[in-house]
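What follows is a short report on a single structure.
The values are calculated or read from the model by the stated rules, or taken from the named source; none is laboratory data. These figures come from a predicted structure and were not determined experimentally. Cβ coordinates were reconstructed from backbone atoms using ideal geometry, including for glycine residues, and neighbour counts include every protein chain displayed.
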Amino acid sequence: MFSLRMPLSFDSWRESARVLLARGVPPEQIVWIDSNQDALFEDLSDFPGQTRFGLRISRFFIQRARLVACHRSDDRWALLYRLAFRLTHDDPHLMQLRTDPDVRRFELMGASVSRDRHKMTAFVRFRRSSIDGVDWYVAWYRPDHFVVRLAADHFRDRYSIMNWSILTPDESVHWDGQQLRFTEGIPTPLKTEKDEVESLWRTYYRSIFNPARIKTSAMRREMPVRFWDHLPEADLIHGLLKEAPSRTRQMIRHSERTDL
């Protein structure tokens, strides 16, 4: 049994997996351990086995594996290696077997990460601050998985003319108008004053709220309650829901009227 320390990085896992797969090291002989270090500690040449060259794996698996690598589950590296070993040593068409337990878990984990990335792009709210006289927009967010790097390009493209930082417990990302930088995470939200950016979000939310189409169960599914504390429009929700029946009746009465 071997213990292998891994940085929180898909590329680092892939580099190690190439060596281990080429040497035919079975999944059950490896214990994958997350590490905050930036480099591998082990000399992989010490692993037993004869090196095999020319191992190939499907592009679909690699693309989806990058998502699964961002899942918060402790066994993600072991699952990825187990699937990679089976794909390269047993069945190259394994990913087509949707009923296989490993394949099924792989798909569910990838879907969970994709949803979490989408929720981050939907629920991050910036508040304006000033750093040395320069406007800087700051947001704090708690994702379910390690999706900061997956979502960073979205915020860079959408808010390219702003200086901004998104702080999360895992890591933080910053944009200064020229490049993205990643730093350590922030465990709790920063205390900042409300500003006009927050007021704009509230105004926008009120304007798009349609009382006739509100479904509270669907709303909680798409906007879980745990996000509400960090959304400037969230404190409007209870009032808007309370007003919904009367506003709906007004809309119906208005729709029943016609011009002469």
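To keep it simple, each residue is scored yes or no on (1) at pLDDT below 95; (2) crowded, with 18+ Cβ neighbours inside 10 Å; (3) farther than 20 Å from Glu15 by Cα.
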| residue | (1), (2), (3) |
| --- | --- |
| Asp46 | yes, no, no |
| Phe53 | yes, no, no |
| Ala65 | no, yes, no |
| Cys70 | no, yes, no |
| Asp75 | yes, no, no |
| Leu83 | no, yes, no |
| Asp90 | yes, no, yes |
| Pro101 | no, no, yes |
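Which residues, counting only those in the range 54-111, are closer than 21 Å to Ala22 by Cβ, assigned to a helix (DSSP H, G or I) and among the aliphatic types (A, V, I, L, M)?
Within the range 54-111, Ile62, Ala65, Ala78, Leu79, Leu80, Leu83, Ala84, Leu87, Leu94, Met95 qualify.
Are any of the residues in the range 99-119 without any contact (Cβ under 8 Å) to a residue 40 or more places away in the chain, out of contact with any Lys or Arg (no Cβ under 8 Å at 6 or more places or on another chain) and among the small types (Gly, Ala, Ser)?
Yes, some residue in the range 99-119 is without any contact (Cβ under 8 Å) to a residue 40 or more places away in the chain, out of contact with any Lys or Arg (no Cβ under 8 Å at 6 or more places or on another chain) and among the small types (Gly, Ala, Ser).
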